[in-house]
Amino acid sequence: GQQVMQIPQYQHVQEGEDFTTYCNSSTTLSNIQWYKQRPGGHPVFLIQLVKSGEVKKQKRLTFQFGEAKKNSSLHITATQTTDVGTYFCAGGENDMRFGAGTRLTVKP
Amino acid sequence: GAVVSQHPSRVICKSGTSVKIECRSLDFQATTMFWYRQFPKQSLMLMATSNEGSKATYEQGVEKDKFLINHASLTLSTLTVTSAHPEDSSFYICSARVPSPLSYEQYFGPGTRLTVT
């Protein structure tokens, strides 16, 4: 069945450094979504990508959907301590599959 | 954004008892709700997809007789963990999808931490 792989599992950065997490699917995805889960919290929807090659920006966050619609990335420019949390990608329609998540820690 | 509530937030029960968890969409009607299980520092594992008025679709390996899901209305889905055992201790999270064409975003409830003693 469909699997969504996400790397890296952990990322520790100095505040101000950039951060990127990557997702790869074994099958073509109709859409991909990104969520952020703060420690002790629940996942919060960030964005949805639908079109091949789509790029969307939210302030310091840049989301990309690959041309083949099998991979995606989330890039954070100049991380801040408020960016701390686990970032999940998820793909699928009626049966959402979450990646393993990338746990980001930021050292002030 | 859309709001999903979940109750209770924490529950401790004895082994062999049953626990019901409620998931409500507060400001929208959710034709589809999802139930996930999350272990500490791990990803979300989809347990089942719940559609209003029909039987839930369970993921492979999830016992439907143990995890009873009922989606009786457009705003409420319930998960009942029957005959709970310590290995059922986990964080259970529900989510609801806002019915919209080409929109697959899900809104998550705050989760329920179940501890079985």
Specify the residue that is nearest to the chain's Cα centre (by Cα); the eligible residues are those in the range B:74-104 that are over 24 Å from residue A:44 (Cα atoms) and not β-branched (Val, Ile, Thr). B:88
Just for the range B:43-91: of the residues that are in contact with a Phe, Trp or Tyr (Cβ under 7 Å, 6 or more places away or on another chain), within 29 Å of residue B:27 (Cβ to Cβ) and not small (Gly, Ala, Ser), which one is surrounded by the most Cβ atoms within 10 Å (Cβ to Cβ)? B:44
Checked B:71, B:7 against criteria (modelled with pLDDT of 95 or more, away from chain A (no Cβ under 11 Å) and in contact with an Asp or Glu (Cβ under 6 Å, 6 or more places away or on another chain)); the one match is B:7
Would you tally the residues in the range A:1-25 being more than 10 Å from chain B (Cβ to nearest Cβ), at pLDDT below 95 and surrounded by 13 or more Cβ atoms within 10 Å (Cβ to Cβ)? 3
What is the one condition in (1) surrounded by 17 or more Cβ atoms within 10 Å (Cβ to Cβ); (2) within 14 Å of chain B (Cβ to nearest Cβ); (3) closer than 19 Å to residue A:104 by Cβ that residue A:29 does not satisfy? (3)
Residues in the range B:35-43: is at least one of a type in the set (S, T, N, Q), within 11 Å of another protein chain (Cβ to nearest Cβ) and more than 14 Å from the chain's Cα centre (by Cα)? yes
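The values are calculated or read from the model by the stated rules, or taken from the named source; none is laboratory data. Computed from a prediction, not measured in an experiment: that's the story for all the values here. Ideal geometry is used to build each Cβ from the backbone, glycine not excepted, and the neighbour counts take in all protein chains shown.
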